[in-house]
Each structure stands twice: as structure tokens, then as C-alpha cells.
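**Q** The structure under discussion is supplied below as C-alpha cells; questions concerning it will follow.
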Amino acid sequence: MISISTLISFLYVVSNDGFGKGDILPFAFNTTILAAISVLLVNLFEKLFSKVNLILGLILSLVVSVIQTVLFILLIWFVFGPWIGAFSFPIHLCWLPGISLANLFILIQSGNKFSIKHFGITVLIALILTSSVYAFKMSKDALAKEQNFDIICLVHSPEENNTPIEKLSKYGLTKEERKALKKLGIKGKLWTDKFFRISNSKLISTDFPSYDFDKMDDEPGAEIEFTFGNKLDSIQNKNPKVIIIMNHPMEESFEFKEPINSSLIAIQNVENDQWVIKRLGEETNLKKIEIKKTDFRSFPYFTSIILNLKNRGEFRLHGFQWLSK
């Protein structure tokens, strides 16, 4: 189980160009703890599996695997707290296959009619399904167009007196973008001091031009720089922009398709977590931007933005920060 789960985490990191490789060792350590706890349950599972037929045994082993995965995540959360959320890959998707294979082996050893042959067929079907999903994902990635735009995260503070939003030129917006934003009727104040730049489907640091997103490991501060963004100045630039405006933390994630060669404005409603999307062009990419639900596990609270970069996988941006819920 340890080797399978760790191998899956390694493959996930490789598929994301090495992003998160520092998490593999801590993950392997936690997986070892999970394996040690699971050993204590072997006799119980053998007795349970031996009392049911082949089909029920297979179903039961998979159900037990899901329960084990969920319970262990809760246990690790209880012991280590919110740090479990810091892993750069989905730990549950790494643990579940490893636990499932281990429980299928226990099913075989239990005396159930489920045999090595059935085990092979089950694994083969799982591999085919997994390969199909991966192939679909890769084909979708190949068909997606190159990403070239800036992301500007604006914090919106609504005013009771409904005064018009302050002058927008200091955020480097074009005349067309400023006009579109004013037409949306936002009242109150907007604020930000940073932005993110994506060029040819990779993040660019305007503060440290020598940083290469594809070689983050070569510069100790590069990953932090790409995660937290660049200093924003008032110089107008004509790059297409994704302008994200939030006024409060959110309980549910939200995603939308990226624009191509045009700007987009995404505005969070003041009353709820609904969003208004204003596109300045019609063409959209296959890739999506996801605004994650706010993480309340640490203080200050933060809202991440997930980019799915062509040929590079997902990368998490530190979009917004909140001092209250």
C-alpha cells in the first residue's frame, strides 16, 4: 500500500512538472502510519470478507477502502491540524488506490471466491478507466489554446452611501476595461497592489524577470513570487485581463472559462456567493479558472485561485486574504 500510494503521488508531481515534489516524503511518512494502523484491521477484514459471496466481497472491500481513507484523513487532521491541507496533490486520490489494492489482496486471502484471476480483471478494468480519463484530460490539454493574460484581484468594500468606485486608472486598466467596469454599477471602494501575469501558458515574474516558472527549484524564492504575484503599477497595459472582484469570503468554489485575446470581469455579489461574469470578447478557451472556497483553517483566511496551465498542470495563486468571516 505504501509503495502504490507513494508512486501515485510521485506520478502526480511528475505530471505537474515537479511542482510539489517536497511533499512526497511527508506523504510517504503519513502513508506509513496509515499502513501500520491498517495492519491491525487485517483479521477483522478477513472474517468479514469470508462471510460474503464474490460480488459482495468486492463491493464491501471497496466501500471499506473509502471509509478507511476518509477516517484516516480525519485522524491526520486531528493530529496535525490544517497542515494536512498544505499538500500540493490530492492525498485522498493517492491513498484510495493503495488501500483498495491492499483490501483486495486481503479479500483473496480471506477464503472468499474472489481469486487472483478476478483481482487481475478488476485491476485491468481500473487501469483502462484511469487511462481513458487521463487520455481525455491530455487531449483536452492539447486542444486548449495558449494562455496570455493578466489576473488582477480587486478587493471590493461596498459603501453605504453608494458613492461611485474610485478612479480605476491606477490599476493599469484600459479605457475599454474601465468603461465596462463602470457600466456594471459597482459602488464603493476597490483596492489591490498585485497582479499575476501568464504568458505562453506560464507564469511570469515582472518583479524578478530572471525567475523561470519551469525552473522554480533553481531559485529559492521563485515559487513564493509566482504564488503571491507581482507589484501592480498604474501604467496602462493592453494585455487581456481577468479582473476578479471579491467583497467577502466564500463558502463554495466557482469556476469559469478563460477568455482568449480579450478581457473578462468576474464580480462577486455582495449578498451571496453568486457571480456576475462580463466578457469583453466572445471567444473562450477550454481551460478554466477556479476561485476556491475560502480556507478558514488558518488566520488570516485566504481564497486561492487555481490556474490550469497548458502542458504544465495546476498552480495555486494566493488571490485574496480576509481578516473576518
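**Q** Which one of these is more than 20 Å from the chain's Cα centre (by Cα) and assigned by TED's automatic domain parsing to the domain that holds residue 168: 291, 224, 244, 265? Working first, answer last.
**A** Working: 291 fails: more than 20 Å from the chain's Cα centre (by Cα); 224 fails: more than 20 Å from the chain's Cα centre (by Cα); 244 fails: more than 20 Å from the chain's Cα centre (by Cα).
Criteria check complete, one pass: 265.
**Q** Can you tell me which of 276, 242, 270 is buried (at least 18 other Cβ atoms within 10 Å of the Cβ) and closer than 25 Å to residue 176 by Cα? Steps first, answer last, please.
**A** Details: 276 fails: buried (at least 18 other Cβ atoms within 10 Å of the Cβ); 270 fails: buried (at least 18 other Cβ atoms within 10 Å of the Cβ).
242 is the lone residue from the list that is buried (at least 18 other Cβ atoms within 10 Å of the Cβ) and closer than 25 Å to residue 176 by Cα.
**Q** Now, a different point. Any idea how many residues of the range 305-325 are closer than 20 Å to residue 272 by Cβ and surrounded by 17 or more Cβ atoms within 10 Å (Cβ to Cβ)?
**A** Taking the range 305-325 as the starting set, the residues that turn out to be closer than 20 Å to residue 272 by Cβ are 305, 319-320, 322, 324-325.
Those still in the list that are surrounded by 17 or more Cβ atoms within 10 Å (Cβ to Cβ) too: 305, 319-320, 322.
Qualifying residue count for the region: 4.
**Q** In this structure, does residue 271 turn out to be at pLDDT below 90, out of contact with any helix residue (DSSP H, G or I) (no Cβ under 8 Å at 6 or more places or on another chain), part of a loop (DSSP other than H, G, I, E, B) and not aliphatic (A, V, I, L, M)? Talk me through it step by step, then tell me what you get.
**A** Numbers: at pLDDT below 90: yes; out of contact with any helix residue (DSSP H, G or I) (no Cβ under 8 Å at 6 or more places or on another chain): yes; part of a loop (DSSP other than H, G, I, E, B): yes; not aliphatic (A, V, I, L, M): yes.
Yes.
**Q** Something else now. Return the residues of the range 213-226 that are surrounded by fewer than 16 Cβ atoms within 10 Å (Cβ to Cβ) and either in contact with a helix residue (DSSP H, G or I) (Cβ under 7 Å, 6 or more places away or on another chain) or in contact (Cβ under 8 Å) with a residue 40 or more places away in the chain (or both); say none if nothing qualifies.
**A** Applying the first criterion (surrounded by fewer than 16 Cβ atoms within 10 Å (Cβ to Cβ)) to the range 213-226 yields 214-215, 217-221, 224.
Correct list: 214, 217.
**Q** Just name the residue that is surrounded by the most Cβ atoms within 10 Å (Cβ to Cβ) out of those in the range 96-142 that are among the β-branched types (Val, Ile, Thr) and more than 28 Å from the chain's Cα centre (by Cα). Reasoning before the result, please.
**A** Going through the range 96-142, the residues among the β-branched types (Val, Ile, Thr) turn out to be 99, 106, 108, 116, 121-123, 125, 128, 130, 133.
Filter again for more than 28 Å from the chain's Cα centre (by Cα), leaving 106, 108, 116, 121-122.
Working: 106: 22, 108: 17, 116: 9, 121: 11, 122: 18.
Per the stated criteria, the residue is 106.
**Q** Same structure, new question: Taking the criterion of being touching a residue at least 12 places away in the same chain (Cβ under 8 Å), of a type outside the set (Gly, Ala, Ser) and within 20 Å of residue 314 (Cα to Cα), would at least one residue in the range 266-275 satisfy it? Working first, answer last.
**A** Step one: list which residues in the range 266-275 are touching a residue at least 12 places away in the same chain (Cβ under 8 Å), which gives 266-268, 270, 273, 275.
After this cut, where a residue has to be of a type outside the set (Gly, Ala, Ser) as well, the list is 267-268, 270, 273, 275.
Then drop every residue that is not within 20 Å of residue 314 (Cα to Cα), which leaves none.
No, the range 266-275 contains no residue that is touching a residue at least 12 places away in the same chain (Cβ under 8 Å), of a type outside the set (Gly, Ala, Ser) and within 20 Å of residue 314 (Cα to Cα).
**Q** To continue, here is another question. Go through (1) more than 26 Å from residue 30 (Cα to Cα); (2) in contact with a Phe, Trp or Tyr (Cβ under 9 Å, 6 or more places away or on another chain); (3) not in a helix (DSSP H, G or I) and name the single condition residue 52 misses.
**A** Evaluating residue 52 over (1) more than 26 Å from residue 30 (Cα to Cα); (2) in contact with a Phe, Trp or Tyr (Cβ under 9 Å, 6 or more places away or on another chain); (3) not in a helix (DSSP H, G or I) leaves (2) as the failure.
**Q** Which condition from (1) outside any loop (DSSP other than H, G, I, E, B); (2) free of Cβ contacts under 8 Å to residues at least 60 places away in the same chain is the one that residue 245 breaks?
**A** Of everything listed in (1) outside any loop (DSSP other than H, G, I, E, B); (2) free of Cβ contacts under 8 Å to residues at least 60 places away in the same chain, residue 245 misses just condition (2).
The values are calculated or read from the model by the stated rules, or taken from the named source; none is laboratory data. In this text the structure is predicted, and so the values were computed from the model without any measurement. Here the Cβ is made from the backbone with ideal geometry for all residues, glycine too, and neighbour counts use every protein chain on show.
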